[in-house]
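Below is one structure, written out as structure tokens, with a few remarks after it.
What follows is calculated from the coordinates using simple rules that are stated; it is not laboratory data. Quick caveat, the model's predicted, so the values are computed rather than measured. So basically every Cβ, Gly included, is an ideal-geometry build from the backbone, and we count neighbours across all protein chains shown.
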Amino acid sequence: MTPAAELPAAAGTDTMGWPELEAAIRACEACGLCRTRRQAVPGTGSRTARVLVVGEAPGAEEDQRGEPFVGRAGELLDQMLLAVGLDRRRVYIANVLKCRPPENRNPTPDEVAACSPFLQRQIALLQPTVILALGSFAARALLGGEGKVGALRGGSHVYAGIPVVVSYHPAYLLRSPQDKLRAWEDLCHLQDRLAETTAAAEAAVALQPKIGAADR
């Protein structure tokens, strides 16, 4: 699967602001999912967030409510974020696919390719400090390849210069609670990456006056 960064942007998405982008997502007819969806689900959260959470696709409840990660999986995601000091309202949450696949089947490569420019533009607008990719489809859309979560988690991954932390999708954890400890380790990894980038930014700011003084 080709990473979103290597896919051509859909016509005009590379210049869209948030309102135009969300309107384009809601009106999109680039693949057959437009005929079976109740509504498209662009994303939710803070547009100045440091953390972007990326999932796979809307489910039945998300399709009905127009918001990603609701229901039991959303509740678990909220708990996971709170465990490392993050509030749902202070992160941005989006999916690779903006429309629900029928019967919650896996996304097809063509559907991912059609939707990826939207996610690509969301990342460009948001410029997050860290991306949390939940599930194998989110990880593959961002990183390419066919890797599974078990093989990708804990690794050092980057999308367009932004660190990517890979972990299990909350829906999977509801079915496989034995992996919650591994998910906790991933969240700690996310917390570490946030701390690292914060420290690096603070060091760069502190260094600027010294560089300016040396030039005088």
Subject >> Listed residues GLN127, VAL41, VAL70: farthest to the positive end of the dipole of the chain (Cβ charges) >> reply: VAL70
Original post:
Which entry is the computed Cα extents along the principal axes in Å for this structure: (i) 44, 37, 33; (ii) 63, 35, 27; (iii) 64, 44, 31?
Top reply: (iii)
Original post:
Out of region 134-198, which trypsin sites (Lys or Arg not before Pro) are coil in DSSP terms and have no more than 16 other C-beta atoms within 10 Å?
Top reply: LYS148
Original post:
What helices does the chain hold that run 20 Å or longer along their axis, going by alpha-carbon atoms, with a Kyte-Doolittle average of -0.5 or more, using DSSP H for the helix calls?
Top reply: 109-126, 180-215
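Quick one: net charge of ASP179's neighbours, Cβ under 15 Å, K/R +1, D/E -1? Intermediate results must be reported in sequence, preceding the final value.
Values: positive: LYS148, ARG153, ARG175, LYS180, ARG182; negative: GLU185, ASP186.
In short, +3.
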